[in-house]
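Coordinate-derived values only; no laboratory data. Model, not experiment: these values are computed from the prediction. Positions of Cβ are generated from backbone atoms using ideal geometry, with glycine treated the same way; all protein chains shown enter the neighbour counts.
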Amino acid sequence: MSPAPSVPRASSAHPVSAHRAGATTGAVVRAGLFAALLALPVLAATAWVVGFAVLETVAGETPLSRGTPHNIAEAAGMTDAGEFLRLRAQGQDPNWIYDIRPEVISSQVLRVNALEAAVWSRQIALVELVDREGLIPDAATRRELACLAEDIGAADIAHRLAPEPADTPCDPGQAMARVFARNPPDPD
Amino acid sequence: MTPVPDRRWALAAWAYGLLVATGMAYYLVDVPIQLSDSFGNIIKASDGTLGSLVYNEFFQRGYLRPFLWGHLRVVLDVAGGDLTAWFRWWHAGQLLALVVMYLALFRPRTATDAAVTPIGLAMLVGLHTFHGTVREAFPINTFMTILLCCFGAMLVVEGRWRWWKDLLALLLFVFATLTVESGLLVWVVLAAAFLAGARGVSKPAQALLLGLFVGYFYLRFSALEVGAPGLIERSSGFGFGSKDPEELIALFGGNPLGFYAYNVVTSALSVLFSEPRGGVWDLTRDVVVGEVRPYGVVNLVASTLATGAIAAFAWTRRRVWLARRFEPDDRLVFVFIGVLAANAVISYPYTKDVVMSPAGIFFALAAAVSLRQLAGSLPGLGTRGVVLAACCVALLSGTWAVRAVGAHLGLRTAAVKMRNEWAYVDAWMAGAGQPNWDDRARTLRDRLQRDAILSRPARTFVVGDWTTWFDHE
């Protein structure tokens, strides 16, 4: 290993000269202030980082995040494709209607299935994943999802789900209204 | 403050280093093996024998990286079926080794050293050039391997000569150089340290290293005719944005010297000031359009102050340097300057943050030794000087604290993104230009997807306006 440094570090030289000048206390205070200013912000950052990790491990949730999706519909609505697949592998049904939190899609969308949530995420890659996994059970569901995509203005998803024009066109706004109608009644 | 070496302060600094490495490892092992840059590499590395894999890499076109593949294959063989755990913990182990080497070079002994250690380590992991060494893996991060070789070379060349140091220096050079092109910087470290008076490696060994350095170019360009990647192979940052290969050819095709000079200069500036990044003047553009992202300002202020500390150190030590009476701290700053210049030069065809990571780690070391030197001059200042210095130090430390947090948030962001990649693995495989993946590939896909997605609940992005202060994307 390297030999002891012989760079004349002023930290070891100056307090001596300060002492000779009768200013030892001031020099030590200044050096201490400097050390505190230098170290404390970074030490606080390290404490934050370690605290974040400990909180995450203990609570099982990432602090300062939107939180882990509570069900497969939330996973789709949050465009968390990985969690979508994991929850599906655990047995959650993507066609089942789940309660979702207002912050996932909107305060008007509180009860959806994962397929509708995927459309609402506006992520065509996620909708393609849903389709590729064979999760759209029948033509009627596909058409309903395509109409929902039209209602929310996601033309690319609507086209992906129904590339050919349907015999009967979508009734504008109705697919979305059917989702809204599932919301629990407003207590007010 | 205790001005003399004290074992307690040294222990405190080392304990803190261990805490930093452990904390970062927590975030690091959470990042899955990535799909796009790792899957094909694992498939390729598992073909044939280790010997045939390494041998064949001597005859590729454009790249000469046989030990990159050898390293990957060795870990692959050791890992057996537990690829994710082995590769992720290997990465964490490399990070720990880097922190240990950093502290061994910094040599914390006094209270001042202990006070500087946190900001030094924040510079090590918080500088943007470091991000690519931990946020990605292929599935072994080659750039991190080179950082270890560079610090290893610096440790070898310091101190007294030993015969095994000669051997180790030669092995480090050969291994690093045949791992990736930036491994040539190991020679720069050894040569610069030698010029600055380090004699841990003997003169004959230094001469042999010089011969190997020259021989590398003969091997690459004449004997093996590997050549170098051309201008047309990838996009590159220029001005306020990224240019496609076609745009670069349109701009510089006839005479790319201007483009090469741009890359060299901007690569060096990037380490010193965090602007530009990858050849792109992001912060300047943001200022021009009036949409400044806070983290850009944080990065600029942090790096500029640290660069100022290094410049002040070099200025105060200029007479010692001119008299060639270098001490270990002088050597670290001198080697940083050499590595910065050489690293910028080898970035001539293509500038990218992570390519400058060797210069980045020496920047962190040089800034730390400069700070501990400058710390000593504080008691000699007048009141105004103390206030000004205190403001600068507070700003320096505060901004690097933000960057250190950003480095960790960046790992979390990378983990979420890479996990999501695995959800779309089938689409990726279909579009990867290889229509017929065999059973081995499909088995590997299933195993890695299970590790990335199915084995545990997701981590999620941190959200909020406050995140704009952190460079985590």
For this session: Partner chain Cβ atoms within 10 Å, averaged over the residues of A:43-55 - can you pull that number for me?
Result: 6
Seminar exercise, completed: Shape call for the range B:27-146, from the Cα gyration tensor axes a ≥ b ≥ c (a/c under 1.5 means rounded, otherwise prolate when a/b beats b/c, else oblate), comes out prolate
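If each residue's Cβ is checked for other Cβ atoms within 10 Å, how do B:Thr304, B:Thr129 rank with the fewest at the top?
Numbers: B:Thr304 17, B:Thr129 26.
Sorted ascending by nearby Cβ count, the order is B:Thr304, B:Thr129.
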Seminar exercise, completed: Note: B:103-113 gets an average of partner chain Cβ contacts (10 Å, Cβ to Cβ) equal to 3
For this session: For n ≥ 4 DSSP H runs only, could you compute -39500 (n - 2.57) per run for chain B, divide by its residues and tell me the 222 nm figure to the nearest 500?
Result: -21500 deg cm²/dmol
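What FRET efficiency, computed as 1/(1 + (r/R0)^6) with R0 = 35 Å and r the Cβ-Cβ distance, is obtained for B:Asn255 and B:Tyr63, rounded to the nearest 0.05? Spell out each step's value before the answer.
Values: r = 25 Å, r/R0 = 0.71.
The calculated FRET efficiency here is 0.90.
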Exercise. Of all DSSP beta bridges located in the protein assembly as shown, what percent are antiparallel, nearest 5?
Worked result: 90
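Among the GluC sites (Glu not before Pro) within the range B:199-256, which fall in a DSSP loop and have no more than 13 other Cβ atoms within 10 Å of their own Cβ? Mind showing how you got there, number by number?
Numbers: sites: B:Glu225, B:Glu233, B:Glu246, B:Glu247; in loops: B:Glu225, B:Glu233.
Counting only loop positions with at most 13 other Cβ atoms within 10 Å, the GluC sites (Glu not before Pro) in the range B:199-256 are B:Glu225, B:Glu233.
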For this session: Decide, for the range A:84-188, between rounded, prolate and oblate: order the square roots of the alpha carbon gyration tensor eigenvalues as a ≥ b ≥ c, take rounded if a/c falls under 1.5, and otherwise choose prolate if a/b is larger than b/c, else oblate.
Result: oblate
For this session: For the protein assembly as shown, just give the cysteines left without a disulfide-compatible partner, judged by no other Cys Cβ under 4.7 Å.
Result: B:Cys149, B:Cys150, B:Cys391, B:Cys392
Seminar exercise, completed: Ordered by number, the chymotrypsin sites (Phe, Trp or Tyr not before Pro) in the range B:1-73 that occupy a DSSP loop and have at most 16 other Cβ atoms within 10 Å are B:Tyr63
For this session: Would you pull out the residues with amide H under 5 Å of A:Arg111's amide H, same chain only if 5 or more places away, H placed 1.01 Å from N?
Result: A:Ile100
For this session: For the range B:437-452, take each phi angle, set θ = phi - 60°, evaluate the Karplus expression 6.51 cos²θ - 1.76 cosθ + 1.60, and give the result in whole Hz per residue in order, putting x for glycine and proline.
Result: 6, 8, 4, 4, 5, 5, 5, 4, 4, 4, 5, 6, 5, 4, 4, 7
Seminar exercise, completed: Low-density loop trypsin sites (Lys or Arg not before Pro), the range B:1-71, at most 12 other Cβ within 10 Å, DSSP non-H/G/I/E/B, are B:Arg61
Problem set entry | Rounded to the nearest 20 debye, dipole of the range B:162-244 from Cβ charges on Lys, Arg, Asp, Glu | 380
Exercise. Under a plain spin-label model, where a point goes 7 Å from the Cα along Cα-to-Cβ, how far apart in nm are A:Gln174 and B:Arg456?
Worked result: 4.9
Exercise. If you count, for every residue in B:23-32, the Cβ atoms of partner chains within 10 Å of its Cβ, what is the mean?
Worked result: 3
Exercise. Can you give the net charge of the other residues whose Cβ lies under 13 Å from the Cβ of B:Tyr26, counting K and R as +1 and D and E as -1?
Worked result: +1
Seminar exercise, completed: Listed by chain and number, the residues whose amide H is under 5 Å from that of B:Arg277, excluding neighbours fewer than 5 places away on the same chain and using placed H, are B:Asp282
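Could you work out [θ]222 nm for chain A from helices alone, using -39500 (n - 2.57) per DSSP H run of at least four and dividing by all its residues? Round to the nearest 500 deg cm²/dmol.
On the way: 9 runs with 105 residues, N = 188.
Counting only the DSSP helices, I get -17000 deg cm²/dmol.
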Exercise. For the range A:124-133, what does the Karplus curve 6.51 cos²θ - 1.76 cosθ + 1.60, with θ = phi - 60°, yield as ³J(HN,Hα) per residue in whole Hz, taken in order and with x for Gly and Pro?
Worked result: 5, 4, 5, 5, 5, 4, 4, 5, 5, 7
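How big is the charge dipole of chain B about its Cα centre, in debye rounded to the nearest 20, if each Lys and Arg gets +1 on its Cβ and each Asp and Glu gets -1 on its Cβ? Please list the in-between numbers first.
Numbers: 41 positive and 34 negative charges, 317 e Å.
Taking the Cα centre of chain B as origin, the dipole is about 1520 debye.
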Problem set entry | Net dipole in debye of the protein assembly as shown [+1 Lys, Arg Cβ; -1 Asp, Glu Cβ; about Cα centre; nearest 20] | 3760
